[in-house]
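Participant: Mind looking over this structure? Questions follow.
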Amino acid sequence: MSEEIMKSHTPSSQFDTGQDGDKESFAELFEKNGRLPERLKPGQKISAKIISLSGDVAFLDLGGKSEGIIDLDEFRDEDGKISVSEGQEIEAFFVSSKDGLMKMTTLLRGNPIASLNAIESAHKSGNALEGIVARKVKGGYEVKIHGVRSFCPMSQIDLRVPNDSTSYLNKSFHFKILEYKKEGQNTVVSRRAILEEERRSKIEKLKETIEEGTDVSGRISSIHNFGVFVDLDGLDALIPVSELSWGRIDNPADLFSVGQDVTAKVISADWGNERLSLSIKATQPDPWSSLQDKYPEGTRVHGTIVRLVPFGAFVALEPGIDGLIHISNLGTGRRIKHPKEIVREGQAIEAYVISLDPSKRKISLSIQPSPEKEKIKYPEEGTIVEGTVENVMPYGIFLKFTEKLTGLIPSAEMSTPRGSDHARMFPVGSLMKAVVIDVDKKSGRVRLSRKAVEEKEVRSDLETYKNKVKEEHKSSDGMGSLGKLLKSKMEEKKIAF
């Protein structure tokens, strides 16, 4: 408060003797008020009217020629607005007298001297005091401790900045006194300081019981794309998304929720940085441990393509089990630059196990079954085989022609118009003939041709007719009969040469 304001509101220290007619005499003053204004005691409560607002203080009429002052901050709300006005009567407590002005406050309740002494003592000793969060103010909260109003910054109300700032209102907590000035003005308190001490104490106890490999139970405190945090009674531990399950998880929030109780295994402990990493899947059976009997080589499997990479396609066979179809096992004899030329993510697919290594967590798959050199008898090139349509793909048809052999008829070898719908024309299970045009015993791939069947049959028929005509020519008719027979057969087969 400025010196000019102090001087302009300082009351006279003497009563007039009544010699000046314009001034009240001692007797008149006594008569008017019944008594002189009594000497106020610290903490004494009075009712007073606000006579003016000036700068950062309000001036109060204390009776007679006595005036009091009170900080306007005591009436300032969260938005900085003053909640009192001139002429308004308020209740206040006397604090002290300085330069003839009575210092007043609205902050004291009960026994003010005892309250201030308790707060000052707690500040010096570092002890905590219980307080009630009265209201939200700019930058934090107003907290009443023994009736004394104090300020708790938003950052000091909890270990983390609260999402709901109103959730603390009208609740009782213990606070540490961070700042205390004479007469209890501008007292700053902290709940976080107490919580941090409790947290450090809990962490010390956790160190005694937790180590790598320990199973722990806690409650999920937050969920993120990279994993979930679990509250272990004072310490937040992270479960990375890769450790939440043996199966693939795209969004942890789909499987977990805040407040959910979980049990996990400690996989790393960095006490220096107070970091623990946990794993839920480590508490569950490893699905790879029982695959040797489930997926022996040659097993036909069904799955969904979950990821394409330049070197192949990953197929989810079951939760936690992915197999790889290498790009060399996707083309079925056809050279491709990227798996997306053959398959797409999300596509259901049938494949064959060609190798399994549980120790390395690897399953190698192939569109075609793995060759078994000792047991499979491959047909000779040029042989006509008959089988059933096993699968129809954009690039051709797989024809199963023996118990252990399936061959591919590329679309170019189907003898159908370009753009034909092979899936409709030749549904799975349809019978079909094809000619073996290539056999790769090393990879177990067999390429077939449907259109070669017709050509092969025509050539065979022609040879038969030629021989027949020769026999007839020897007897009588000559080459004229041969020409007629050839023309007739060609028209029958609808082949134009």
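Every number in this text was worked out from the coordinates using simple rules, so none of it is lab data. Predicted model, so just to flag it, every value in this text is computed and none were measured. Cβ: placed from backbone, ideal geometry, glycine included. Neighbour counts: every protein chain shown.
Participant: On average, how much area does the Cα convex hull of the range 210-283 cover when viewed from any direction, in nm²?
Facilitator: 4.4
Participant: Find the centroid of the Cα atoms in the range 412-437 and in the range 44-104, then give the distance between the two in whole Å.
Facilitator: 99
Participant: Next question, about the same structure. Please sort 335-345, 445-455, 52-62 by packing, taking for each peptide the average over its residues of neighbouring beta carbons within 10 angstrom, highest first.
Facilitator: Those peptides, ordered most packed to least, come out 445-455, 52-62, 335-345.
Participant: Follow-up. In nm, give the distance between the simple-model label positions of Lys441 and Arg160, each being 7 Å from the Cα along the Cα-to-Cβ direction.
Facilitator: It works out to 6.6 nm between the two label points.
Participant: Starting from the amide H of Ser415, placed 1.01 Å from N in the peptide plane, find each other amide H under 5 Å away whose residue is 5 or more places distant or on another chain.
Facilitator: Lys451
Participant: Now a separate question. As an exercise, use a Förster radius of 51 Å and the Cβ-Cβ distance of Asn186 and Glu350 to find the FRET efficiency, rounded to the nearest 0.05.
Facilitator: 0.10
Participant: When ranked by the protection proxy of mean other Cβ atoms within 10 Å per residue, highest first, what sequence do the peptides 301-309, 417-425 form?
Facilitator: Ranked by mean Cβ neighbours within 10 Å, highest first: 301-309, 417-425.
Participant: Counting only residues 5 or more places away or on other chains, whose amide H sits under 5 Å from the amide H of Leu232 once H atoms are built in the peptide plane?
Facilitator: Those qualifying (amide H under 5 Å, at least 5 residues apart or on another chain) are Ala237.
Participant: Related question: Residues of the range 262-285 with backbone nitrogen within less than 16 Å of a virtual label 7 Å along the Cα-to-Cβ line of Thr214, please, listed as ranges.
Facilitator: From the range 262-285, the list is 263-279.
Participant: Modelling each spin label as a point 7 Å along the Cα-to-Cβ direction, I'd like the Ser221/Glu89 distance in nm, to one decimal.
Facilitator: It works out to 5.3 nm between the two label points.
Participant: Under 20 Å from the 7 Å Cα→Cβ point of Arg300, by amide nitrogen: which residues of the range 435-453?
Facilitator: 444-448
Participant: With the crude spin-label approximation of a point 7 Å out along Cα→Cβ, what separation in nm comes out for Lys207 versus Arg248?
Facilitator: 4.3
Participant: I've got another one for you. R0 = 45 Å: FRET efficiency of Tyr395 with Asp286, Cβ-based, nearest 0.05?
Facilitator: 0.75
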